[in-house]
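Peer 1: One structure, pasted below without further comment.
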Amino acid sequence: MDYSSAVTELNERLNQLNLPALDGDGRCMIRGPQGNRFMLELAPEGEFFSFYAPLRQVKENGNRAALFEAALTMNLMPDFIGGASFAFDPRTSSIVLSQPIDLANLDTESLTMAMSAFSLASHMAQEALSGTPN
């Protein structure tokens with residue numbers, strides 16, 4: 001699927017759920033059922049999109065090792081984070097949770113389920129990291 005077709009298809013699904021359309025960069029901000037916010041971003045290839053949730057900023061002179069250890073340890077528990085992965089975003093110096101979702105056969109129900117699962121996982125991950133000193 002080319003990028004413009006993917007934007008059209010994904011925007012149709014988002015509209016059915018009364019969610020904002022993708023902006024010119026292929027992104028939109030979503031507020032999850034737990035009140036947390038996360039980004040939906042379409043990959044440039046148009047084959048998948050990712051949920052992306054900044055969880056915790058890592059201070060340059062803080063206890064980076066403890067935060068990275070906590071996040072990487074949770075990567076070992078795929079059920080806890082719903083198959084998502086922790087990463088470090090150097091642009092924002094933040095630990096993020098990210099999960100790619102294939103656009104093939106994506107319908108409104110599967111998008112709703114994926115968003116709910118990611119929202120819960122990012123909420124739980126943020127809570128778990130909040131106890132780690134920075």
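Peer 1: Which numbered condition in (1) in contact with a Leu (Cβ under 7 Å, 6 or more places away or on another chain); (2) free of Cβ contacts under 8 Å to residues at least 24 places away in the same chain; (3) not in a strand (DSSP E or B); (4) not β-branched (V, I, T) is the only one that Q34 fails?
Peer 2: In the conditions (1) in contact with a Leu (Cβ under 7 Å, 6 or more places away or on another chain); (2) free of Cβ contacts under 8 Å to residues at least 24 places away in the same chain; (3) not in a strand (DSSP E or B); (4) not β-branched (V, I, T), Q34 misses (2) alone.
Peer 1: Which of the residues that make up segment 79-111 are in a loop (DSSP other than H, G, I, E, B), touching a strand residue (DSSP E or B) at 6+ places or on another chain (Cβ under 9 Å) and closer than 24 Å to G131 by Cβ?
Peer 2: If the condition is that a residue be in a loop (DSSP other than H, G, I, E, B), touching a strand residue (DSSP E or B) at 6+ places or on another chain (Cβ under 9 Å) and closer than 24 Å to G131 by Cβ, then I81, G82, G83, A84, T92, S93 are the ones that fit.
Peer 1: Got a number for residues in segment 6-59 being loosely packed, with under 14 Cβ neighbours inside 10 Å, of a type in the set (G, A, S) and modelled with pLDDT of 85 or more?
Peer 2: Qualifying residue count for the region: 2.
Peer 1: Something else about it: Just checking, which of S119, S130, S110 is farther than 19 Å from L76 by Cβ and at pLDDT 90 or above?
Peer 2: S119
Peer 1: What's the total number of residues in segment 112-134 that are part of a loop (DSSP other than H, G, I, E, B) and crowded, with 19+ Cβ neighbours inside 10 Å?
Peer 2: Filtering segment 112-134 for residues part of a loop (DSSP other than H, G, I, E, B) gives 131-134.
Next cut, crowded, with 19+ Cβ neighbours inside 10 Å only: none.
So the answer is 0.
Peer 1: Only one of these is among the hydrophobic types (A, V, I, L, M, F, W, C) and part of a helix (DSSP H, G or I): A53, A65, A21. Name it.
Peer 2: Of the residues listed, the single one that is among the hydrophobic types (A, V, I, L, M, F, W, C) and part of a helix (DSSP H, G or I) is A65.
The values are calculated or read from the model by the stated rules, or taken from the named source; none is laboratory data. All values derive from a computational prediction rather than experimental measurement. All Cβ positions, even for glycine, are placed from backbone atoms using ideal geometry, and neighbour counts span all protein chains on display.
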